[in-house]
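For reference, the structure is listed below as structure tokens.
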Amino acid sequence: RFIIATCEKGTVESMDDMKDIKARLDEIMKANPNFVEKASVKAFRTTDASKVSSLRKIDAESDPETQPKHRNGVFARFRKQPEVVEATQVKKLEPITQEVRVLRRDIKIGIPRVLNMYSLAPFFQTYFEAVGVGAQNIIYSDYTDPQMWYKGSRRGSIDQCFPSKVAIAHVHNLVFDQKKNKPDVIFYPIINKLISELVNIEDSAACPTVAISPEVVKAAFTKEGNTFEENDMRYLSPSFDPTDWPMFQYDMWKCMNDLLQVTWEENLEALDIAFKAWRGYFADMRSDARQVLNKLEEEGKLGVVMLARPYHNDPGLNHEIMEEIQKKGYPIFSIDSLPQDEDVLERLFGKEVEAGIITHPMDITDVWKNAYSENSSKKIWAAKYVARHPNLVAIDLSSFKCGHDAPNYNTIEKIIEASNTPYFTFFDIDESKPSGSIKIRVETIDYFLQRYQEHLQRKAT
């Protein structure tokens, strides 16, 4: 028999053979971590951060510093400092009342597991925990799958990209499918801009379709009767701009004071705790990725970087393409997991900084002048990273009708192929999952990657 484009377990008929295949795949995947999959899980877990001092028995003056730490070194004078953050000088907060403590402890907050929440969830998760919301009471919708889409999509009336359309199904999942842990509030903020690590950019705007999705969802559930009120829920879609930190502080306080009776001082302290935990989430992931990258360099092997938007970490949006590639023996990196250690950045971008081509390793103005869309700009920066690192190759994932990705296709291709680095694409992916076609494409990609890896190893000897 010759079988192609099917489940590995389907190639055998014996149970023992199937177990052997599964054990082999498990071993391969353990040896080749998938940071796309890791991020999709870790982003929605508790960060175990400290609580605001009004909830702690110890005096706030004994707390560790809340000011985020920043690296110093060769690029320190170029690094874009996050001026949006200022440590609050909270000396001591009066303990909250028992009534407020119980309110915060018992309230159940539902958050759709969609779009930029794949990068922002650690921030909001930590904020809620810091002010006293129980970690078990922060409820996320399930990961995207065909059944969820079928059940919840019929309310939609706007045909935008699938990642935005599926937000309606995720809210439907929170309202109707979380039987044992039904939320009291659905928190789905409008995020207009994103905090950026890049420098010399025009703006760091979120995709407007993505940003306004909370209001589209609200309309879908309230046009013909208020579904939230009918289910004893409240829907909150405040508008936030984290790049304007003073206004963000005020907007968060206004929202949380109304919802949880958070005081201004508690709000400031919780925001600092949340920001520190959010930075720590990325730092931890990059630290783990650095170890994997070091091993690739030592062994002359390849890793694959998924050039995509944060929400493509959702297995229901990326159609598990990266997992299929991981099974072939390649570790998978997301853009946010690419190590930014000073020695790595200096090795990849140092000569260009010295030559004045760019002002900093996080500068993309040499290849993309109109950098105003944050997630588009990050894809271009990651393409530059891959093009300069001999042990990395790229797979570009993009959703059907993504108006921000389309102008970048040619630029990203030119950046990567300028260094003769393999480059593969899965464009226009949507709700349909052509499993057979994906497996055939992955087989083809694996063939070329094996040849390229052999080429690298011959050069090294």
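Residues in the range 214-226 that are in a helix (DSSP H, G or I) and either modelled with pLDDT of 95 or more or not hydroxyl-bearing (S, T, Y) (or both): P214, E215, V216, V217, K218, A219, A220, F221. For the range 348-366, does any single residue satisfy the condition of being under 30 Å from K165 (Cα atoms) and either among the basic types (K, R) or at pLDDT 95 or above (or both)? Within the range 348-366, not a single residue is under 30 Å from K165 (Cα atoms) and either among the basic types (K, R) or at pLDDT 95 or above (or both). Each residue in the range 273-283 was checked for being touching a residue at least 24 places away in the same chain (Cβ under 8 Å) and surrounded by fewer than 21 Cβ atoms within 10 Å (Cβ to Cβ), and 3 of them qualify. Is it the case, given these coordinates, that A31 is open to solvent by less than 40 Å² (accessible area, probe 1.4 Å) and modelled with pLDDT of 85 or more? The answer is no for A31. Taking the criterion of being basic (K, R), in a helix (DSSP H, G or I), at pLDDT 95 or above and farther than 30 Å from I325 by Cα, would at least one residue in the range 293-310 satisfy it? No, the range 293-310 contains no residue that is basic (K, R), in a helix (DSSP H, G or I), at pLDDT 95 or above and farther than 30 Å from I325 by Cα. Just so you know, in the range 418-433 the residues that are polar (S, T, N, Q) and more than 15 Å from G316 (Cβ to Cβ) include one that is most open to solvent (accessible area, probe 1.4 Å), and it is N420. Checking each residue of the range 239-251 against the condition of being open to solvent by less than 50 Å² (accessible area, probe 1.4 Å) and small (G, A, S) gives no match.
Is the range 265-283 home to any residue that is at pLDDT 95 or above and not in a helix (DSSP H, G or I)? No: the range 265-283 contains no residue that is at pLDDT 95 or above and not in a helix (DSSP H, G or I). H389 fulfils the conditions (1) within 11 Å of V305 (Cβ to Cβ); (2) in contact with a strand residue (DSSP E or B) (Cβ under 7 Å, 6 or more places away or on another chain); (3) open to solvent by less than 10 Å² (accessible area, probe 1.4 Å) except for a single criterion, (2). Among residues of the range 146-175 that are of a type in the set (S, T, N, Q), those with a beta-carbon under 6 Å from a residue that is open to solvent by 40 Å² or more (accessible area, probe 1.4 Å) at least six positions away or on a different chain give the pairs Q160/T209; S164/T209; N173/D142. With respect to the conditions (1) open to solvent by less than 10 Å² (accessible area, probe 1.4 Å); (2) at positive phi, G356 falls short on a single one, namely (1). Among the residues making up the range 13-44, a single one is touching a residue at least 24 places away in the same chain (Cβ under 8 Å), of a type in the set (K, R) and farther than 18 Å from I325 by Cβ: K42.
Among residues of the range 221-238 that are polar (S, T, N, Q), those with a Cβ under 6 angstrom from a residue that is assigned to a loop (DSSP other than H, G, I, E, B), sequence gap 6+ or separate chain, pair up as S237/Y188. When you look at K180, is it more than 20 Å from S399 (Cβ to Cβ) and modelled with pLDDT under 95, yes or no? Yes: the conditions hold for K180.
So which residues in the range 391-417 are of a type in the set (D, E, K, R) and either under 18 Å from G316 (Cβ atoms) or at pLDDT 95 or above (or both)? Of everything in the range 391-417, those that are of a type in the set (D, E, K, R) and either under 18 Å from G316 (Cβ atoms) or at pLDDT 95 or above (or both) turn out to be D396, K401, E413, K414. Checking each residue in the range 181-236 for being open to solvent by 40 Å² or more (accessible area, probe 1.4 Å), in contact with a strand residue (DSSP E or B) (Cβ under 9 Å, 6 or more places away or on another chain) and β-branched (V, I, T) picks out I212, T222. Restricted to the range 438-461, and to residues that are polar (S, T, N, Q) and in contact (Cβ under 8 Å) with a residue 12 or more places away in the chain, which residue is most open to solvent (accessible area, probe 1.4 Å)? Among those that are polar (S, T, N, Q) and in contact (Cβ under 8 Å) with a residue 12 or more places away in the chain, it is Q457. Please find, within the range 131-177, the residue that is modelled with the highest pLDDT out of those that are open to solvent by 20 Å² or more (accessible area, probe 1.4 Å), of a type in the set (G, A, S) and in a helix (DSSP H, G or I). That would be A135. Among the residues that make up the range 92-105, is at least one of them exposed (fewer than 15 other Cβ atoms within 10 Å of the Cβ) and either among the hydroxyl-bearing types (S, T, Y) or modelled with pLDDT under 70 (or both)? Within the range 92-105, one or more residues are exposed (fewer than 15 other Cβ atoms within 10 Å of the Cβ) and either among the hydroxyl-bearing types (S, T, Y) or modelled with pLDDT under 70 (or both). Set side by side, the residues S377, S398, S373 differ, and just one is in contact with a Leu (Cβ under 7 Å, 6 or more places away or on another chain) and open to solvent by less than 10 Å² (accessible area, probe 1.4 Å), which is S377. In the range 413-429, the residues that are on the phi < 0 side of the Ramachandran plot form Cβ pairs under 7 Å with partners that are assigned to a loop (DSSP other than H, G, I, E, B), at six or more places apart or across chains, as follows: I415/V367; I429/H319; I429/F400.
The values are calculated or read from the model by the stated rules, or taken from the named source; none is laboratory data. Quick caveat, the model's predicted, so the values are computed rather than measured. Here the Cβ is made from the backbone with ideal geometry for all residues, glycine too, and neighbour counts use every protein chain on show. Surface areas here come from the heavy atoms of the whole protein model, side chains and all, with no ligands, DNA or RNA. Shrake-Rupley method; radii C 1.70, N 1.55, O 1.52, S 1.80 Å.
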